[in-house]
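> Below is a structure I'd like to ask you about.
Every read-out reported here was derived from the displayed coordinates using simple, explicitly stated rules and does not represent laboratory data. Just so we're clear, the structure is a prediction, and the values are computed from it rather than from any experiment. Cβ sites come from the backbone with ideal geometry, for glycine too, and all protein chains shown count toward neighbours.
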Amino acid sequence: MMAQYIALKQQAGGSLLFYRMGDFFELFFEDAKIAAGVLDIALTSRGEHDGAPIPMCGVPVHAAEAYLARLIRAGCQVAIAEQTESPAEAKKRGGSKTLVARDIVRFVTAGTLTEDALLEPRRANVLAAVCEVRGSIGIAACDISTGRMELEECTADGLGAALARLGPSELVAPEGFAEGAYAAVPRAAATFDSARGEARLREVHGVATLDGFGAFSRAMLSAAGGLIEYLDHAGRGKLPFLLPPVVRETGAHMAMDEATRASLEILSSSTGGRKGSLIEAVDRCVTSAGARLLAEDLSAPLTGLAAIRARLELVSWLHDDPLLRGDLRARLRAAPDLGRALGRVVAGRGSPRDLGQLRDGLGEARRVQGLIAARADRPALADALLPALAGHGALIDLFARALVPAPPTERAQGGFIAEGYDAALDELRRMAGNSRRAIAALEAKYRDETGVAALKIRHNGVLGYFIEVPARHADRMMASDSGFTHRQTMAGAVRFNALALHEEASRIAEAGGHALAAEEAHFEDLVASAVKAREAIAATAAALARLDVAAGQAERAAEGGWSLPRVVDEPRLAITGGRHPVVEAALAAKGERFVANDCVLVPDDRLWLIGGPNMGGKSTFLRQNALIVLLAQAGGFVPAQSATVGLVDRLFSRVGASDNLARGRSTFMVEMVETAAILAQATPRSFVILDEVGRGTSTYDGLALAWAVAEAVHGGNRCRCLFATHYHELARLAETCEALSLHHVRAREWKGDLVLLHELADGPADKSYGLAVARLAGVPAPVVKRARAVLDKLDKGRAATGGLAAGLDDLPLFAAIQHEAEEAPVDALRERLGALDLDALSPREALDVLYQLKRAAEGAAP
Ligand code: ADP
């Protein structure tokens, strides 16, 4: 057995091998140690290998899913080795000692799950493949639980943001491909081949050319090739459900990098969960598919005016008509998860229940269609969704006739095909039923004949039907002419058979077997008809999800008094009475009120510098405006009295280093790397929020950097920007930067106590209130008093020298410095290289020059 195990383990590679033995999956050697640790189950041992006991642990097959889920979450991959023949077949093949044949039937990895129990209902499970083709990065992403597949291309710089948007649970890449943030599963580079990728896509979708699906670049097709190859590997040659690939256009979505997503806490909060995130505060979807689509919308807000307005129009329609919205949501709530049920059915892992879900989901879709079609004032997007909602009449009809109302998840016992669907099946069931009744009649007859009132006819898996009497009545029936044959003697009871019983029992078994076979055949036909309609069913699922998102957004807006944003194609942002949905909800839970604030950024007043005490509400204000932009471009209402949002191409959010100490790298380094990205990428159409940038280093450095960054954003990037800082000295930027204005969050000292008003006002902050905040936070009075004394001393010193920002008046403007910086420093190596006349050199001389250059380069390195 160990030889078979070791051969399979070799195929499994780095995956843990689940080795099927009867009702258990066993793990051995290192695998056993890892699994026992992760799963917290007993590690035992078995036999010996090379003189040492073999470590072993096991999980019962019926509970394997829960264990798999934990292993996958812990970052493991698992190879499942099943028995591919029964013990009886093995015996027949090679005698009684023959080992049952086993083979790896599937690799289970984070990105290739389809089991309902292993998937989060309200989140897509994305598997992505990336590769590089001549300087371009191709990305192929799919969610095999619903079959969606997307291809895109980006630059090396854009990869981080693209992956942050996709949030893959597993990433595959050619060996040696370096992608910092995600640990990619390395695959042979040859599997990322564009010609092969194209061929596989054509083959999967049965088309002669991919032109009908879109225009795919070589990089995209290479990534698709790698993705399909990996799916093929994981499924051991059996591909999951894949819909035709869709091209994701670069620029069709607002660009947000990982740091921005994390700091805005879009899909998960800084503590890691959904709790406290934007999506938790927004999501009012009644279906899991709706919640998944909303997550996608919020991860990838649109940049096209028409598409945004189409979504907004739909939300607005449902917002203004609470009755329609209520009806629609009630319908949707009743609809099962069509997309995932279809995914399982097409992948060959569907159950009768999944077919029942298709029937019910399509049925609800038809009713939703009726609901919407009955309305004359439909917005364009609703109109566009209508055709996808209907058109499954024949399939619904078929499934309604064929299936019982609530089909089981198991099909081994049958019982899922409805009565009246197949006359032959009904007849078989009737025969079995008649025989069961006949057996009940026999029991009464045998009691009469024997006079044993305690006689019973029973059934078990080993004997089938038998007659049982208490031991003290058995003697009479043991007589050879009694008509009963002895089968088994138990403690206190004896079991018999009788000819009539045997005949009826055989009839039941035979009819039952035939009935099961008939149901099985029907199941396969039904699956085939669903598979045939898979693209149309997927389109229906997508249409339902879109309606759910829109109705959910409308519901959320009605609940919180949110308003319809006006989205325009100009570089401006005008929000009155804006609120932060997450902070507002947190305050509401404590019975406190959120103070709404306005924000107006226009080309000649596009950078707001915001001062004021700590805890005064600066971060909250910054983020609420970013979130309002994001929500508006995702096509939803916004938490504000009114909002005009000029299209944003890129959104950046940065938080000063000391706020996210949890990160690994030197936090100040992180802050600067992220700031550098903004300065390099923000355009006049971008929106940037900078929260206390420069805080992660000493006062002088920090102030200097904050100063320079603010100037660069103002004069270089020229984007809309909110900049929170506690450096008063920055206020002087207003003297030189014409499109920069000063604002502060208000606070008041009242009877020695600090009152934070969380209200935004024009003008610079008067003082920092640091000591008052310290007092508020419970720093002991003597310490605060001492700090006051030190502060007074410092203030006097500042008055004498002109303060921290003394002398900044003579500083040339940023634009002038930028000009200087553009003159590249002299590069000696480059000059020497340029001066070489290659054709005049002998090979020997060339080699010498190369050595000299190398030495020079090493000398130049620090
Ligand atoms: P800062 O960035 O100025 O240090 P924060 O934005 O982190 O301040 O806000 C601190 C706390 O103040 C928040 O956690 C919240 O409880 C409260 N707060 C912030 N903004 C408001 C507001 N507009 N209305 C009511 N409370 C607010």
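> Per-residue HN-Hα couplings for segment 734-747, Karplus 6.51 cos²θ - 1.76 cosθ + 1.60 at θ = phi - 60°, whole Hz, x for Gly and Pro?
4, 6, 10, 9, 6, 9, 10, 10, 9, 9, 8, 8, 7, 8
> How large is the translational diffusion coefficient of segment 86-239 in µm² per second when you combine the Kirkwood radius over alpha carbon pairs with Stokes-Einstein at 37 °C and 0.692 mPa s? It would help to have the intermediate numbers written out before the result.
Details: Rh = 16.8 Å.
The diffusion coefficient I find is 195 µm²/s.
> Right, next: May I ask you to list the lysines whose Cα is less than 27 Å away from that of Lys456, ignoring any residue fewer than eight positions away on the same chain?
Lys445
> Can I ask one more? In the chain, with Lys and Arg counted as +1 and Asp and Glu as -1 at Cβ, which of these residues, Phe213, Leu833, Leu324, has the Cα nearest the positive end of the dipole, that is, farthest along it?
So the residue furthest toward the plus end is Leu324.
> Shifting gears a bit: Quick one: grab Rg to one decimal and Dmax as a whole number for segment 114-198, Cα atoms only, in Å.
Here Rg and the maximum Cα pair distance are 13.1, 41 Å.
> Could you give the C-alpha radius of gyration of segment 1-81 expressed as a fraction of 2.2 N^0.38 Å, taking N as the number of residues it contains?
Numbers: Rg = 11.8 Å, N = 81, 2.2 N^0.38 = 11.7 Å.
Normalised Rg, Cα atoms only: 1.01.
> What are the extents of the Cα atoms of segment 549-603 along their three principal axes, in Å, largest first?
Here the Cα extents, ordered largest to smallest, are 39, 27, 13 Å.
> Shifting gears a bit: If the only charges are +1 at each Lys and Arg Cβ and -1 at each Asp and Glu Cβ, what is the size of the charge dipole of the chain around the Cα centre, to the nearest 20 debye? Before the final figure, lay out each step's value.
Working: 97 positive and 108 negative charges, 520 e Å.
Taking the Cα centre of the chain as origin, the dipole is about 2500 debye.
> So which lysines can Lys275 reach, going by Cα to Cα under 27 Å and dropping same-chain residues fewer than 8 places off?
Lys590, Lys618
> Over 14 Å, how big is the tail of the calculated P(r) for segment 97-159, in percent of all Cα pairs? The partial results should precede the final answer.
Values: 1296 of 1953 pairs.
Value for segment 97-159 (Cα pairs over 14 Å): 66 percent.
> Something else now. Under the rule of at least 5 residues apart or a separate chain, name every residue whose amide H is placed under 5 Å from the amide H of Ile144.
Leu127
> What does the convex hull of the alpha-carbon atoms of segment 260-352 project to on average, in nm²?
On the way: hull surface 34.2 nm².
Projected area, direction-averaged: 8.5 nm².
> Using C-alpha positions alone, give me the convex hull volume of the chain per residue in cubic angstrom. All intermediate terms of the calculation are to be shown ahead of the outcome.
Details: hull volume 256.3 nm³, N = 862.
Convex hull volume per residue, Cα atoms: 297 Å³.
> Taking 0.36 nm per residue of separation and subtracting the Cα-Cα distance, what length does fully extending Glu48 through Arg732 add? Don't skip to the end; give the middle numbers.
Values: separation 684, 0.36 × 684 = 246.24 nm, distance 7.88 nm.
Result: 238.4 nm gained on full extension.
> Right, something else. Would you kindly calculate the translational diffusion coefficient of segment 179-284, applying Stokes-Einstein with the Kirkwood radius from alpha carbon pairs, for 10 °C and a viscosity of 1.306 mPa s, and quote it in µm² s⁻¹ without decimals?
Value of D from the Cα-based Kirkwood radius: 96 µm²/s.
> Treating cross-link reach as a plain straight distance, find the lysines whose alpha-carbon is under 18 Å from the alpha-carbon of Lys238, omitting any fewer than eight places away in the same chain.
Lys532
> Fewest first, what order do Cys719, Cys599, Cys142 take by the number of other Cβ atoms within 10 Å? Don't skip to the end; give the middle numbers.
Numbers: Cys719 25, Cys599 22, Cys142 29.
So the residues, fewest neighbours to most, are Cys599, Cys719, Cys142.
> By what distance, in whole Å, do the Cα atoms of segment 338-378 stretch along each of the three principal axes, largest value first?
Principal axes ranked by extent give 42, 14, 9 Å for the Cα atoms.
> How are the Cα pair distances of segment 444-587 distributed, in percent, across 5 Å bins from 0?
All Cα pairs, binned at 5 Å, distribute as 2, 7, 10, 10, 7, 5, 5, 4, 4, 5, 5, 5, 6, 6, 5, 5, 4, 3, 2, 1, 0 percent.
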